[in-house]
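*Asks:* Dropping a structure here in structure tokens format, bear with me for questions.
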Amino acid sequence: MGIYSVGVVLIIFLSCGMPCLAKDYTVGDSAGWSLNVDYTTWTTGKTFKTGDSLVFKYGSSHTVDEVNSGDYGTCTVGNSIASYTSSPATITLNTTGTHYFICGVPGHCSGGMKVSVLVTGGGASPAPSGSGASPSAKPTPTPPTATSSGSVPASSSATISPVAAVVLSLVSFVFKLVLA
Ligand SMILES: *[C@@H]1O[C@H](CO)[C@@H](O)[C@H](O)[C@H]1NC(C)=O
Ligand SMILES: [Cu+2]
């Protein structure tokens, strides 16, 4: 059991390497949020998870507007879900699905200031309930050290329970935060 547990912890620790940490992505990297940047190229190869953040850095002549897919396609401004006008704008990706961002200044979206990101689950922060993403009502995470095996109604088999996996992931996450 002892060796086995260490192995499980190690596997979770390693497999949780970067995906378990909330990441900040500076949109456009050093180019920032501006005209004449190909954001499709920028998103290629990146994976975005709930809890990750997009950091938009831009001059005062731009904005960041989150819009729906239709307005994204047509570069329609004025119906934005959320609008940000001060840089840097750090936008946490709280929900799964595709998020669409454009610059709200007329002409800029059609000039290329548009970026869409597909957000998947399993990141550092779960999507908040209410979006129908999670049927289980568990508003606060269990503190990693608060529970012993006595309070967890899990099976006593050698296989690790989902609850234990979550707790171990949290431990790993906190551990990495301390190291960072
Ligand atoms: C994401 O959730 C955090 C914490 O609840 C909140 O402060 C933030 O405004 C949310 N971000 C968006 C884009 O809704
Ligand atoms: Cu702009």
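*Asks:* To make sure I understand the rule: partners must be aspartates and glutamates, Cα under 15 Å from the Cα of Lys49, and not fewer than 8 residues away in the same chain. Which ones qualify?
*Replies:* Hits, sequence-local ones excluded: Asp24.
*Asks:* Next question. How about Lys23: which aspartates and glutamates have a C-alpha closer than 16 Å to its C-alpha, ignoring those fewer than 8 places off in the same chain?
*Replies:* Of all the aspartates and glutamates, those that pass the test against Lys23 - Cα under 16 Å, at least 8 places apart if same chain - are Asp52.
*Asks:* Now for a different question. Give the order of Asp24, Asp52 when sorted by the count of other beta carbons within 10 angstrom, beginning with the fewest.
*Replies:* Asp24, Asp52
*Asks:* Moving on. Fully extended, how many nm does the chain gain between Thr92 and Thr76 (0.36 nm per residue separation, minus their Cα-Cα distance)?
*Replies:* Gain in length upon complete extension: 3.5 nm.
Here, each number is a calculation from the coordinates, and none is a lab measurement. What you see is a predicted model, and the numbers here were worked out from it, not measured in a lab. As a convention, Cβ positions derive from the backbone with ideal geometry for all residues, glycine included, and neighbour counts pool all protein chains shown.
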